[in-house]
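Report on the following structure.
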Amino acid sequence: MVECRYFFAITAVAVLTLGIGLNLALFQVLNGALAAPPKLRAPETLVRLFQNGKSNSSSGINYNVAQFVDSLETIFTGVITEHGARMSWQDTPQLFDVRFVSSNYFDELGAVAAQGRLFHEGEEAIGAIVLSHDFWRTQLGSRADAVGSTVRLNGRPVRIAGITAPGFHGVLNVTAIWAPMDHIEYFYPGSPFKTDWNNRAMRAFARLRPGVSMRAAQESLRAPISELGRTRPEMGAEPWIELARGSNHFRRSRDESETTIILALTVGIGILVLSIACANLASLMVSHLSARTQEFQMRANLGAGRIRVLRQLLTESSLLVAAGIVGGWLVGYAAAKTIATQTDAPFDIPLMPDWRLAAGAVAVGWVALLIVGLVPALRSIRNNSRNRMQRVLVGVQVTGSCVLMLVAGTLTAKFREVARADLGFQFDNVAVLEVSLNEYGVTPEAASAYWSALRDAAAGDPRLQGVALATTVPLGRSLNEASFGDDAPNLKVTRMTVDSAFFELFRIPLVAGRNFQAGDTRANAVIISRRLAEQMYGSVNVVGQAFPKTSEGARATIVGIAADAKLIKIMATNTAESYSPMTPESMNGALLMARVNNNQLDALRLAANRVNPSITPSVRWMRDDFESRMLAPKLTSLAAGAVGLL
């Protein structure tokens, strides 16, 4: 009997621990994925700056214009600026979000350092960077000697000056690394970022002076900005600065529709997991009470009333619940830490639950005690309906577990189907080389020369078989999609800009017509996929016809029909493709792809270094992009299956 009680206690605590722990981890991940706006100093006084004009508008501001606004000390106490880039870290192919920021960035936002120091006006040295706490934890393994060490960022040696406190990730985007705006040329030699008055890629916030309203500040800016525009015609006709409330533009990790879907899914899984855990606990309680019938009868014979028996059960259950809450907290912490350190989640996952999650864990434990602990006890003492209740509880357990296993099985089958499916193109051993030539101040003409030289250098390397240029990488996150209404109802068309070598590199056959050739432009030539031709025209024999089928604007001529290929949306069924030819004007946004022999990825880096050693591109395997696309369904199926089995 004693052994049975020990077994019951251990099993009950384990059930509560898993139920509470898995839900804590689940909602900690959700808390990171749907990160709230950043905690900043006096956010109500921050406004976003937009540079507009009579004939143009933008989502940013010019560097020199922002400096000019910062000099108007009667309106703002300070202007903070940032400019985003994607850079390689050490020797990893993965790119991370880097922000070049003004020297007053951290001071104005109220950020503090967990280790080392942050940037301060006039103090930052060339090659100094600041890491986010999450990046330091996941990429450097929380190394105690990280501050002061030298690493490589985008191929350049840099020194880690400090690490931000947990929870600070920037204003507009979840940022991994910060570098000084004043030293952008160190990473991009020849960059015209600070001299080109036409460049409005920078983002800026300003802090209003006490007593100055947003409307008053905007009106006060009109005269000085208009005067600046007369001396700088590059700003366009009638320039002006628009102000917007800063809180409307603070970082959001997901849009509203995505947030609703993710929240509903997470809450649904959480309720299901808790329901199974509670049903397990209730079933255990009923079985345990059934085994203690003689004990209760003996106590009744000795004069113990029902209240006294319930008090004893309440005491026992309270101890079990307390142990389950503590155990659940530890499991939640361990699970969150594992996810944070073993995955490349693009958001910070808090290791310790906040007070709301802590209160939720306690509430769940006591609900489990009251509903699935004492209620079965009352019914067991009151009558002999234990068997019926036990059957109901077992049914709930089995049903919930089956639902989770069904979800896991469906996702796993879908994952295996996609992994084995013919996507219509072959990306084995294909590597991608990317670099933002705009950051280096490369003109469109110079960009065309750079990519042509790099293509020739790669084509002459025996380790590289097949080289192609495009503006969008297959299996990537970037998507240029179009719909053509009644011409192709319910069909989403992925639009790609590629050169003639693209189809051969990815083994996409042309089923009709010809490939791109010299003289083809976006305006006069297009290649469409078989599915698009069949849905829009009802046949693949459409070479020479205008595309799209009906349009009031200019239309290109169909020169070829390509086989179907799921280049971006690999799980979708209602997609088709259209291809436009690369032109000199599109070279500034180009990237290069090559099939590499024997996994010699460095062959591409060396080819780029021979062409221009001052430009540092990033290189990665396309299969890594595929694995990244498959990571979410794989983890979801594994989690659902594991919970169902548990």
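The values are calculated or read from the model by the stated rules, or taken from the named source; none is laboratory data. Just so you know, these numbers come straight off a predicted model, no measurement behind them. As a convention, Cβ positions derive from the backbone with ideal geometry for all residues, glycine included, and neighbour counts pool all protein chains shown. These accessible areas exclude ligands, DNA and RNA; they are computed on the full protein's heavy atoms, side chains included. Shrake-Rupley method; radii C 1.70, N 1.55, O 1.52, S 1.80 Å.
Give me the log10 of I(q) over I(0) for the stretch 62-159 at q = 0.19 Å⁻¹, as the Debye formula computes it from C-alpha points; what are the numbers? Taking Cα atoms of the stretch 62-159 as identical point scatterers yields -1.04.
Take Leu510, Leu592 and sort them by solvent-accessible surface of the protein heavy atoms, 1.4 Å probe, largest at the top.
Largest accessible area first, the residues go Leu510, Leu592.
Checking the a/c ratio against 1.5 first, then a/b against b/c, what shape does the Cα gyration tensor give for the stretch 106-186? Because its axes are fairly even, with a/c under 1.5, the stretch 106-186 counts as rounded. Listed peptides 104-116, 320-332 appear in the order 320-332, 104-116 once ranked by packing, highest mean of other Cβ atoms within 10 Å at the front.
Of the Cα atoms belonging to the stretch 436-561, the radius of gyration and Dmax stand at 16.5, 48 Å. Multiplying the residue separation of Thr557 and Arg522 by 0.36 nm and subtracting their alpha-carbon distance yields 11.6 nm. Over all other residues within a Cβ to Cβ distance under 9 Å of Asn429, the charged ones net out to +1, with Lys and Arg as +1 and Asp and Glu as -1. Each part reduced to its alpha carbon centroid, the stretch 577-601 and the stretch 49-95 end up 30 Å apart.
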